[in-house]
Amino acid sequence: MTQDFFPIHTLDTVRPDLKENLETVKKNNGGYIPNLIGLLANSPTALETYQTVGGINRRNSLTPTEREVVQITAAVANGCGFCVAGHTAISIKQIKMPDEILQALRQGTPIETDAKLDALARFTLAVIHEKGKVGDQLLQEFFQAGYTAENALDVVLGVSLATLCNYANNLINTPINPELQAYALEN
C-alpha cells in the first residue's frame, strides 16, 4: 500500500524534468537506478538535496573509508537495510574496506582491528542517539583518536545525509535492487 503513495520511479515514469537526472544516475551506477533515487524522484527537492549534500559530503575532511564508516553506522543504527546494502557495495567495490571492519560495522560491534575507526563509529552512534549532545568525554576520546573539530562537524554532515536516505527508505521500506541483494544484511 505504501508504494501506492510513493512509487519508485523509473525512466518510464519519472517527471520529464527529472528524466535526464535519472539517465545520468543510471549511467553512473552501472546501468541501473537505485530504488532510493526512484523514491526520491517523488520530490524533486528531496532528490536535489540528496544529490547536492552527497556531493558536498564526498569532499569533506574524512577519508572515503571514514565516510563509509559514518554511513554504515548510521544505516545500521536507523535500521535502513537499503542503505546498509548500498554502502556495503561501495565499501567492497570502491573503497576496498577490510572485511573485518565491514562486518563489525554491519553487526554494530566494536572495530577491534582499528581503534581510530572504532572511535569514529562510536562517535557517530553518539551523535545519532544523543542528537549531537555527545558529551565532553566522548568528544575528548574522538580527538585523542586523531580526529579534529572539522572531522566532528563532517560526521554531523554525514549523519544528516544518512538521515535523509535512511528515513526516506524506512518510510516505504524501499525494496533493495537486485544489483544490491548480495550486500543485504541477511547475506
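Values in this text are rule-based calculations from the coordinates and carry no lab data. Just so it is clear, the model here is predicted, and its values are computed rather than measured. Cβ sites come from the backbone with ideal geometry, for glycine too, and all protein chains shown count toward neighbours.
Lys-Lys pairs in the chain that are eight or more residues apart or on separate chains and whose Cα atoms lie under 18 Å of each other come to 4.
Adding -39500 (n - 2.57) for every DSSP H run of four residues or longer, then dividing by how many residues the chain holds, sets the calculated 222 nm ellipticity at -19500 deg cm²/dmol.
Averaging 1/r over every pair of different alpha carbons in the stretch 79-187 and inverting the result gives a Kirkwood radius of 14.9 Å. Binning all Cα-Cα separations of the stretch 9-57 at 10 Å, short to long from zero, yields these whole-percent fractions: 28, 61, 11.
The percentage of C-alpha pairs in the stretch 1-109 whose separation is greater than 17 Å is 60%. As a length-normalised measure over Cα pairs under 8 Å and 6 or more apart, the relative contact order of the stretch 38-139 settles at 23 percent. Per the Debye formula on identical point scatterers at the alpha carbon atoms of the chain, with no solvent, log10 I(q)/I(0) at q = 0.09, 0.14, 0.17, 0.18 Å⁻¹ is -0.32, -0.77, -1.09, -1.21. For the stretch 60-71, backbone phi angles converted through the Karplus equation (6.51, -1.76, 1.60; θ = phi - 60°) give residue-by-residue couplings of 6, 6, 7, 6, x, 4, 5, 4, 5, 4, 4, 5 Hz, Gly and Pro being listed as x.
Ordered by the count of other Cβ atoms within 10 Å of each Cβ, fewest first, 129, 9 give 129, 9.
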